[in-house]
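Engineer: One structure coming up, written as C-alpha cells, with questions to follow.
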Amino acid sequence: MIALSPALLAAVYFSLAASSIYVSEASFVLRSSNRTTLASGFAGFLKFVGISTSEDETYAVHEFMTSRDALEQLSRDINLRAVYSRPEADALSRYPNIFHGPLEEDFVRYMRQRIKVHLNPTTGMSMLAVQAFTPEDARAIAMRLLDISEVRVNELNERIRRDAIRVAEEEVQRAKQRLQQAQSDLTGFRNRELMIDPNESSVVVTQLIANLSEQLTRIETEIAETLVSSPGGPQLVALQSRAAALKEQITMQRERFADSSDGLAGKIEAFERLKLDQEVAAKVLSSAILSLEDARNEARRKQLYLERIASPQLPDKAAEPRRLFSIVSIVALNLILLLVVWLMKTGIAEHAPGRRVFVQ
C-alpha cells in the first residue's frame, strides 16, 4: 500500500482537489515587408503578397510576453496576484504555493507556467496560450498581453526609424550649415567688393580696353598721315596729346585688371573659389537629402506589424488538468518504479556474497 501511495495520492488530488484551469488561445504573426525568402504554406502566401514573417523579432516579442516588464505592465490593468490566488484554486495551483514563494522572481517563474508562447515554423504563426482559473480571466489577460505587445512592437518600429534616419538627418544638417556658410561668404565678398560678379566686370574692362585700343590705333594712323602731309601743323600736337592720353588710360585699365593686390584677376580667383564652394555645398546637400529619403524608405521597409490571426476567445470548458490522463500516467510511472526497484532488489540478492550455489 505504501508503495502505491503516489498513485493513490494522485488519484485523490486529480479527482477531488485539482482545480479547473481554462486556456484562452490566440494566434498572431509579426510581419515585415523587407524579406524575400521563400516559404511554404501560410508563410509562403504572406511572402507572395509582400508580407513576410520576421523570426528574429518574433522571438524577441515572445521573450517580452513572458518577461518581468510585460508582467509589470499587465499588473497595472489586471491584478494578476489576485487572479491567480482565487479561493477556488487548489493549494498546488494557486499563487503562492509550496513551489513559488512571495518574491517577484517567484511570481515571474509562476507566470511563465501560465503564459505559453511558441512559433509554428511551418505557418510562421505564433501561438499564445494563457491559463487562468476562470474563462474571463484567461481571455482578459491574453487580450491585454497582445495589446501591450503591439505597443512594444510600435516602440521597436520607432527605434528602428530613429536609428535608421538619425545619421542621415545629421548629414543633412551639416550640409545645410556648409551651404549657408558658403552663401554667406559669397555675399560678404560681393558686399565688400561692391560687385555681383567679377567676371562680368572683367568683360566690361576688356571691352573698354579694346575700344581704347581701337581709338588709339585710329589716332596713330591719323598722326602718321599728318606727319606726311603737314608735319609742322598744330593738328599734330593735338593728335599726339590725345594718343598719349589713350595710352595712359589703356595702361591704367590693364593695371586695374592685373594688379596682384586689388586687381580683377585676384577678385575673379577669389570669387570663383567661393562660387565653387557654394556649388559643392549645394550638391552635398542634395546628395544628403536623397540619402535621408532612402533612409526613410528603408526604415518603412523594416517596419514590423503584429497582425492578429485569431483573437483570444472565451473558453467553453476547462482544458487542464486532464484528470484521467494524469491519473493513468502517474499510476503507470508508479508501477514502473516499483518494477525497477524489484529488479534492483532481485539483482542485488542474487549477487550477494553469502549466497550458496548447489550443484547436483
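The values are calculated or read from the model by the stated rules, or taken from the named source; none is laboratory data. None of these values were measured; they are calculated from a predicted model. Every residue, glycine as well, gets a Cβ built from its backbone with ideal geometry; the counts of neighbours run over all protein chains shown. All accessible areas refer to the heavy atoms of the entire protein, side chains included, with ligands and DNA or RNA removed. Shrake-Rupley method; radii C 1.70, N 1.55, O 1.52, S 1.80 Å.
Engineer: Please determine whether any residue of region 102-123 is touching a residue at least 12 places away in the same chain (Cβ under 8 Å), within 13 Å of VAL29 (Cα to Cα) and of a type in the set (A, V, I, L, M, F, W, C).
Structural biologist: yes
Engineer: Any idea which of SER291, SER311, SER287, SER261 is at pLDDT below 80 and not basic (Lys, Arg)? Reasoning before the result, please.
Structural biologist: On the way: SER291 fails: at pLDDT below 80; SER311 fails: at pLDDT below 80; SER287 fails: at pLDDT below 80.
Only one candidate passes the filter, namely SER261.
Engineer: Okay, next question. Does any residue in region 140-153 that is under 17 Å from GLU57 (Cα atoms) come within less than 7 Å, Cβ to Cβ, of a residue that is charged (D, E, K, R) and open to solvent by 40 Å² or more (accessible area, probe 1.4 Å) six or more places away or on a different chain, and which pairs are these?
Structural biologist: So the pair list comes out as LEU146/ARG308.
Engineer: Just checking: which of the helices (runs of 4 or more DSSP H) contained wholly in region 47-134 hold 1 or more residues that are at pLDDT below 90 and open to solvent by 30 Å² or more (accessible area, probe 1.4 Å)? Break it down stepwise before answering.
Structural biologist: On the way: elements: 55-65, 68-77, 80-83, 104-114.
The helices (runs of 4 or more DSSP H) meeting that bar are 55-65.
Engineer: Identify all residues within region 87-124 that are under 25 Å from ARG322 (Cβ atoms) and in contact with a strand residue (DSSP E or B) (Cβ under 9 Å, 6 or more places away or on another chain); write none if there are none.
Structural biologist: Filtering region 87-124 for residues under 25 Å from ARG322 (Cβ atoms) gives 87-100, 109-120.
Selection gives ALA89, SER93, GLN113, ARG114, ILE115, LYS116, VAL117, HIS118, LEU119, ASN120.
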